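Accompanying notes for the structure given below.
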Amino acid sequence: MREDRTTKVRVLFICLGNSCRSPMAEAIARATAGDLIEASSAGLAPLGHVMDMSKRTLLNNGYEVEGLASKAISPELWDAAEVVINMSGHPRERAFRSWEKVEDWDVEDPYGADAALYQRICEDIERRVGELAERLRKKTGRPSRRSGQTEAQRREEKKLDMG
């Protein structure tokens with residue numbers, strides 16, 4: 001991984017269908033760490049669409065959903081990624097031929113579940129993306145942001161400050 005203060009770290013988020021978890025992580029990373037992370041996502045067996053509940057949850061939490069799409073892991077996406085986050089539920093050693101740049105995240109699959117579970121998964125991914133960003137900031141020498149706070153908490157704090 002480059003240890004440079006100006007270029008972004010390319011992070012590929014992967015789940016099974018690229019329909020719930022990985023597109024959520026992509027949107028969250030773009031919004032909360034876009035200065036540091038160039039986020040993309042893909043699936044081991046892509047469904048071909050991002051679930052409406054994933055989009056709704058992201059929108060309800062203030063994230064953009066434009067540009068999110070369910071797609072396969074292409075050689076170009078894989079090769080370009082400096083960090084790969086695996087949320088497929090399959091250990092990296094079994095899911096990928098080469099796993100040196102892969103980090104496993106144990107994130108429950110909300111596919112087909114209710115809004116409450118999608119919200120919990122969104123908050124879990126927010127926390128994990130925040131932790132990843134802080135680790136990458138330290139590694140690249142970039143200034144740290146306020147950690148431990150979700151995007152929803154930041155928005156709420158901003159409302160109170162304005163109010």
- Does the stretch 86-93 include one or more residues that are under 28 Å from G17 (Cα atoms), acidic (D, E) and at pLDDT 90 or above? yes
- Positions within the stretch 15-32 being under 12 Å from the mean Cα position of the chain (by Cα) and surrounded by fewer than 23 Cβ atoms within 10 Å (Cβ to Cβ), in sequence order: R30, A31, T32
- Query: Scanning the stretch 82-96 for residues that are touching a helix residue (DSSP H, G or I) at 6+ places or on another chain (Cβ under 7 Å) and assigned to a loop (DSSP other than H, G, I, E, B), which turns out surrounded by the most Cβ atoms within 10 Å (Cβ to Cβ)?
  - Reply: M87
- Task: Can you work out which of the residues in the stretch 128-157 that are in a loop (DSSP other than H, G, I, E, B) and basic (K, R) is modelled with the lowest pLDDT?
- Result: R146
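The values are calculated or read from the model by the stated rules, or taken from the named source; none is laboratory data. These numbers were taken from a predicted model, which means no experiment stands behind them. All Cβ positions, glycine included, derive from the backbone under ideal geometry; neighbour counts span all protein chains shown.
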